[in-house]
Amino acid sequence: MALLGYLVFLAFPFFWLISTAFKPARELGSLHPTWIPRHPTLDNFRQAFDEQPLLRAGFNSLVAAVSAALIAVVVATPMAYVMARRRGRLATAATGWVVVSQAFPFVLLIIPLFLVLKSLHLINSVAGLVMVYVVWSLPFALWMLVGYVRAVPLELEEAAAVDGAGRLRTLVSVTAPLLAPGIVATGLFAFITAWNEFFFALVLLKTPEKQTLPVVLTHFLGAEGAADLGPLAAAAFLATLPSLAVFAVIQRRITSGMLAGAVKS
């Protein structure tokens, strides 16, 4: 029952978002709202695309999220392997850095971060935003990958070495396949984190041509805070689809990868 209640708690906002996106303006202003639209319409979607550059903003978000996920995985994987296999003061210090970075309020970082990026001429650029996303997601990605590396039995690497495999061959042929589900899960985490991020994009991107999707969604709010609910719900619904699609596709690979690793071990 607790799990069912938790699932309902998570699913209700998304269900209400979908319902609002397909409701005509008359039903949105009704004093007696309904769960399901009586007269579903696509007018909210047409209005959202007419009023705001959703395609361009979505493309900017996609470039930033994919780039940040790839770079974070490439940087974090060798670091995690070293931290998991060679325990010492450096690994302990790195673990402490991961914990502290997750507890540090990122609002305090925005001013020095802005000054650093300004000195590098990376303000109002997707490249600067990608750099911030990589740094921001790297500690948690590193923490995740360390756990996956430690789950790979060290005896497998030792057995490969006994059979004559070199260090590089062992990493590529033995460790990497077993570590693939963890790498995919970490990349998924970095992608979703960057895709949904709002605060850094709001501060660092100034021109409308560079803004990402979460920032553009705020343009549906009026000057006095009044929201254009129909187009806002339609745009927000479209913004959630890539995250759901990526998770649905990669979730199968995570499961199959875990099963393959279990058979090999």
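For the chain, what are the DSSP H helices with axial Cα length of 15 Å or more and mean Kyte-Doolittle hydropathy of at least 1.6?
On the way: long enough: 2-21 (29 Å, 1.93); 54-85 (45 Å, 1.55); 89-103 (21 Å, 0.81); 126-151 (36 Å, 1.71); 176-196 (29 Å, 1.40); 229-264 (52 Å, 1.23).
The answer, listed by residue number, is 2-21, 126-151.
In the neighborhood of ILE123, defined by Cβ-to-Cβ distances under 11 Å, what is the net charge if each Lys or Arg adds +1 and each Asp or Glu adds -1?
Neighbour charge sum, excluding ILE123 itself: +3.
DSSP loop trypsin sites (Lys or Arg not before Pro) in segment 131-233 with at most 15 other Cβ atoms within 10 Å of their Cβ, which ones?
Within segment 131-233, the qualifying trypsin sites (Lys or Arg not before Pro) (loop, at most 15 other Cβ atoms within 10 Å) are LYS206.
Please state the equivalent ellipsoid semi-axes for segment 72-136: what are the square roots of 5 times the Cα gyration tensor eigenvalues, largest first, in whole Å?
Working from the Cα gyration tensor, I get semi-axes of 27, 15, 9 Å.
Any chance you could get the radius of gyration and Dmax over the Cα atoms of segment 104-201, in Å?
18.5, 55
Hey, could you get me the Stokes-Einstein D for the chain, Kirkwood radius over alpha-carbon pairs, 10 °C and 1.306 mPa s, rounded to whole µm² s⁻¹? Intermediate results must be reported in sequence, preceding the final value.
Working: Rh = 21.3 Å.
The estimated diffusion coefficient comes to 74 µm²/s.
Describe numerically, in nm with one decimal, the distance between label points set 7 Å from Cα along Cα→Cβ at PHE49 and at ALA93.
5.4 nm
Return the carbon/sulfur percentage of the accessible area of the chain, one whole number, probe 1.4 Å, all protein chains in place.
Summing carbon and sulfur atoms, their accessible area is 72 percent of the total for the chain.
Using a 1.4 angstrom probe, figure out how much accessible area segment 1-97 has per residue, in square angstrom, rounded to the nearest whole.
69 Å²
What do you get when you divide the Cα radius of gyration of segment 1-108 by 2.2 N^0.38 Å, with N the number of residues? It would help to have the intermediate numbers written out before the result.
Values: Rg = 22.9 Å, N = 108, 2.2 N^0.38 = 13.0 Å.
Normalised Cα radius of gyration, segment 1-108: 1.76.
Can you tell me how much longer the chain between THR218 and ARG167 gets when fully stretched, taken as 0.36 nm per residue apart minus their C-alpha distance, in nm with one decimal?
Roughly 13.2 nm would be gained on extension.
If we count every other residue with Cβ under 13 angstrom of LEU204's Cβ, Lys/Arg +1 and Asp/Glu -1, where does the sum land?
On the way: positive: LYS118, LYS206, LYS210; negative: GLU197.
Summing Lys/Arg as +1 and Asp/Glu as -1 gives +2.
How big is segment 31-85 along each principal axis, measuring the range of its Cα positions in Å and listing the largest first?
61, 27, 16
Can you bin every Cα-Cα distance in segment 172-240 into 10 Å intervals starting at zero and give me the percent of pairs per bin, rounded to whole numbers?
So the P(r) values, bin by bin, are 17, 34, 25, 14, 8, 2.
Less than 19 Å from a label point 7 Å out along the Cα-to-Cβ axis of LEU115: which backbone N atoms in segment 126-144 qualify, by residue?
132
Once you list every other residue whose beta carbon is under 10 Å from the beta carbon of GLY230, what net charge do they have if Lys and Arg are +1 and Asp and Glu are -1?
On the way: positive: LYS23; negative: GLU27, ASP43, ASP228.
Within the 10 Å Cβ shell, the charges total -2.
The values are calculated or read from the model by the stated rules, or taken from the named source; none is laboratory data. Fair warning: this is a prediction, and the values are worked out from it, not measured in the lab. Quick reminder, even Gly has a Cβ in these numbers, built from the backbone with ideal geometry, and neighbours come from all protein chains shown. The area values use the complete protein model at the heavy-atom level, side chains included, leaving out ligands, DNA and RNA. Shrake-Rupley method; radii C 1.70, N 1.55, O 1.52, S 1.80 Å.
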